[in-house]
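Shown next, in C-alpha cells, is the structure this report addresses.
Where a number appears in this text, it was derived from the coordinates with a stated rule and is not lab data. All values reported here derive from a predicted model rather than from experimental measurement. FYI the Cβ positions are ideal-geometry reconstructions off the backbone, even for glycines, and counts take in every protein chain you see.
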Amino acid sequence: MGKKNWVYTPKKITVKRGIGYGLTDLMGGGWNNIVSGVIFVFVMSQGINPALAGAITGIGRIFDALFSLFFGAITDDFYRTKLGRRFGRRHFFMGLEFLVLESISIPKVLGPF
C-alpha cells in the first residue's frame, strides 16, 4: 500500500478551536439580518409583494445549499491532484473565484475607455 499524502494534519478540537469555528458563521447570520432589513425597507417603499421578496432570498439559499454540496465534494478530494498539492485543497478555487469576480467588476468600475 502506498504512502498517503496529507495536505493538512488533523488537529484536536479544543474549546477555543470550537468557538473559532462557530464565530465564522456569525457573519452569515449577521448578513441575513442586514439583507432582511434592506428588503423590508425596499418592499415597503416600492409596494412590492413581500412574498416575492422572500422567495428571492429563499431561492438563493436553496441554490447555495445545492452548490455547496457539489463543490464540497469536488474540493474534498482536490488535494490528490497536482494543483491541489501545490496550492492546497481549497485555495486554488478561492484564487479562481477572485479572478472571475475581478474580471467582472474591473470593467464596470473603469467604464468605457
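Hey, how much of the P(r) for the chain falls beyond 23 Å, as a percent of Cα pairs?
59 percent
Rounded if a/c is under 1.5, else prolate if a/b beats b/c, else oblate: with a ≥ b ≥ c from the C-alpha gyration tensor eigenvalues square-rooted, which is the stretch 10-74?
Taking the square roots of the gyration eigenvalues as a ≥ b ≥ c, the stretch 10-74 is oblate.
Full-extension gain between Ser68 and Thr81, please, as 0.36 nm times their residue separation minus the C-alpha to C-alpha distance.
Going from the current span to full extension adds 2.6 nm.
Taking only C-alpha pairs under 8 Å that are 6+ residues apart, what is the relative contact order of the chain in percent?
On the way: 25 pairs, mean separation 25.8, N = 113.
Computed value for the chain: 23 percent relative contact order.
Rank-order 33-40, 13-20 by packing density, defined as the average count of other C-beta atoms within 10 Å over each peptide's residues, highest first.
Peptide ranking by packing, descending: 33-40, 13-20.
In degrees from 0 to 90, rounded to the nearest 10, what is the angle of the helix 91-110 Cα long axis to the longest principal axis of the chain?
Tilt of helix 91-110: around 30 degrees.
Taking the Cβ-Cβ separation of Lys16 and Ala55 as r and a Förster radius of 35 Å, what is the calculated FRET efficiency to the nearest 0.05?
Plugging the Cβ-Cβ distance into 1/(1 + (r/R0)^6) gives 0.30.
Taking 7 Å along the Cα-to-C-beta vector as the label spot, tell me the Asn32-Met94 distance in nanometres, rounded to one decimal.
Distance between label points: 2.4 nm.
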